[in-house]
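Notes to accompany the following structure.
Please treat every number below as a calculation from the coordinates, not as lab data. Note that the structure is a prediction, hence the values are computed from the model and not measured. Here the Cβ is made from the backbone with ideal geometry for all residues, glycine too, and neighbour counts use every protein chain on show.
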Amino acid sequence: MNFFLGIKIFFRSLFLQSVWNYERMQNVGFVFSLIPFINHLYKDKTVRAQKIKTHFGFFNTHPYLANLLLGIVMRLEEKCLKNEVSQEEVLRTKTMLAGPIAAIGDRFIWSTWRVVCSFIGVAYYLCSGKEGVWYQANIFVGILLFLLIYNLLGHLPLRILSIYWGYKYTNNVVDKISKFALQSYIVKIRNVGIIILLFASFIYSISLISDLKIVLLFWLNILLSLLLSKKIAEVGIFYILFLLNIIILTVTNL
Amino acid sequence: MKLSLWFLFISTIAGLFHLDVMVFGQFMFSRPIVVAPIIGILSGLPEVGLIVGIITELLYVSIIPVGIKIPPDSTTVAVLTVVCSERLIDIPVALFFAIIFGFLYKYIDIAQRSFNSLLLGWVDTAKAELVEQRVNLLIIYALFITYLKTVLFYLIVLPILSFFIKQVFCCWIKNLWVHMDLYNLIYILPAIGIGIGLAHFVEE
């Protein structure tokens, strides 16, 4: 696999979820990403079409880590061309690894990295206090902080390197990932997120101190949504606490 | 006329943000913390955009798309809340109703994904020389249909929600709202999302 082919596949992989469907999920995006490699490997149009149809079956994993599977499939397709592995084995490996890779991606990226990056962006705004009492937050700084940290330190390197890792380690990729002790990193990142958000909440609540009732309500809402989160969906919590706040504010102003 | 053009402008911009959700990249340009402040700046209400961005981002921070689960759309909620809030005090009411439209968008999204399944046969049955071309066309179709769907959605919903909030809220309950200090809700509402965000990490 040459560099330019890798770049081409990376750009195409950005469309992975474009035609997401209930029958085969990300199959169109996966095949779309793989087409340059299939064309690179096979010159005959009939064989190319056959390969595209072969990979047009069910496929679903985490959209960023799908590139790992693209790398793996590319390596296995090369071996398949040399008759070192069968086509069934290529498809079996792809299907078998999609689940565990999706689980890693959901937990590490969706559930941890994205959330912590959101916290950082939000914390920048919250720390400026009510109506910018501590400092005047620049709107673009918060947005850029979120986007740059998320994409430059997580998303893009992961997507680009995943193709390379998948191609290099093929079936051993899950073993390699497990050696990273990912779970301990997840716990550490989450702890940092909790500290950032609590710190920002504290600074923000101090800026509300001119009205003690609002400060108390602010922390009461944090406590109640923490407790309700175990039983009720996020939007449900919002509506319950929204109405509760209206009642409290109305009663205390009568 | 001026208002219609304004809604058309916002719809076309919001449509671009929505492409990031599924169709292209997932760079998180579609997150409320990005969308709301930018729409706020375009509307000349940066402070409204900022506060909506904070509240909505935190509220939806722990909702993740896993497998076939499609969450309510946070981008829709952020855009609608900012556009329908003329001042800071309008935010809680606009948000209250915009969340419902976040669910509506979710069901439209589900319908599109179901329709996508019907198109797979077009590639399955294609002749060898047309297979690659049809896969490429499916991607172009997805870009086009998602953008069109979103723009149309906003063009229909924005006037309805905006009219409703301006008429119902401003005429009927605004005086009571101000009298009871209910505008203070905008300072309290981020706390709901903070609690939800903390719970997301603490629970596990």
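Rounded, prolate or oblate: pick one for segment B:137-204, where a ≥ b ≥ c are the square roots of the eigenvalues of its C-alpha gyration tensor, a/c under 1.5 means rounded, and failing that, prolate if a/b is larger than b/c, else oblate.
Judged from the Cα gyration tensor, segment B:137-204 comes out oblate (a/c at least 1.5, b/c at or above a/b).
Under 15 Å Cα-Cα from A:Lys130, which aspartates and glutamates qualify once same-chain neighbours fewer than 8 residues away are excluded?
Cα-Cα hits under 15 Å: A:Asp211, B:Glu47.
Using only alpha carbon pairs under 8 Å that are at least six residues apart, calculate the relative contact order of segment A:1-121 and give it in whole percent.
21 percent
Kirkwood hydrodynamic radius, computed over distinct alpha-carbon pairs, for segment A:211-254: how many Å, to one decimal?
10.9 Å
Computed over the Cα atoms of segment A:1-140, what is the convex hull's projected area averaged over all directions, in nm²?
11.2 nm²
When a/c reaches 1.5 or more, the comparison of a/b and b/c decides; with that in mind, is segment B:2-202 rounded, prolate or oblate per its Cα gyration tensor?
Prolate, since a/c reaches 1.5 and a/b exceeds b/c.
Over the protein assembly as shown, what per residue volume does the convex hull of the Cα atoms give, in whole Å³?
138 Å³
When Cβ neighbours within 10 Å are restricted to other protein chains, what is their mean count per residue of peptide B:27-33?
6
With springs connecting C-alpha atoms under 10 Å apart, model chain B as a Gaussian network and identify which of B:Val35, B:Val168, B:Val61 has the largest mean-square fluctuation.
Sorting by GNM fluctuation, first place goes to B:Val168.
Ignoring everything except DSSP H segments at least 4 long, calculate the 222 nm mean residue ellipticity for chain B; use -39,500 (n - 2.57) per segment, divide by total residues, nearest 500.
Helices in chain B give a 222 nm mean residue ellipticity of -23500 deg cm²/dmol.
Shape verdict for segment B:1-46, please, from the Cα gyration tensor: rounded (a/c under 1.5), prolate (a/b greater than b/c) or oblate.
oblate
Work out the mean other chain Cβ neighbour count within 10 Å for the residues of A:179-191 and drop it here as an integer.
Partner Cβ neighbours, averaged per residue: 1.
With springs only between Cα atoms under 10 Å, which of A:His62, A:His155, A:His40 fluctuates most in a Gaussian network model of chain A?
A:His40
In whole angstrom, and with the biggest value first, how far do the Cα coordinates of chain A range along each principal axis?
Computed over the Cα atoms, the extents are 80, 34, 32 Å.
Which of the residue pairs B:Lys2/B:Lys174; B:Lys106/B:Lys174; A:Lys51/A:Lys94; A:Lys231/B:Lys69; B:Lys69/B:Lys106; A:Lys213/B:Lys166 have a Cα-Cα distance greater than 20 Å in the structure shown?
Too far apart for the 20 Å limit: B:Lys2/B:Lys174; B:Lys106/B:Lys174; A:Lys213/B:Lys166.
What do you get for the angle between helix B:131-164 and the principal long axis of chain B? Use alpha-carbon atoms, 0 to 90 degrees, nearest ten.
Approximately 20 degrees, to the nearest ten.
Name the residue, out of A:Tyr167, A:Tyr22, A:Tyr239, whose mean-square fluctuation peaks in a Gaussian network model built on chain A with Cα pairs under 10 Å.
Judging by the Gaussian network model, the answer is A:Tyr239.
Once both labels are modelled 7 Å past Cα along the beta-carbon direction, what's the A:Lys230-A:Asp211 spacing in nm?
Using points 7 Å along Cα→Cβ, the separation is 3.2 nm.
What does the highest-first list of B:143-149, B:183-189 look like by mean Cβ count within 10 Å?
Listed from highest to lowest mean packing, they are B:183-189, B:143-149.
Along the charge dipole of the protein assembly as shown, pointing to its positive end and built from +1/-1 on Cβ of Lys, Arg, Asp and Glu, which listed residue (B:Phe169, B:Ala191, B:Ile89) has its Cα farthest out?
It is B:Ala191.
Return the average number of partner chain Cβ atoms within 10 angstrom of each residue Cβ along peptide A:110-121.
5
Listed here are the pairs A:Lys230/B:Lys149; A:Lys53/A:Lys79; A:Lys8/A:Lys45; A:Lys43/B:Lys127; A:Lys8/B:Lys127; which of them are more than 23 Å apart at the Cα?
A:Lys230/B:Lys149; A:Lys8/B:Lys127
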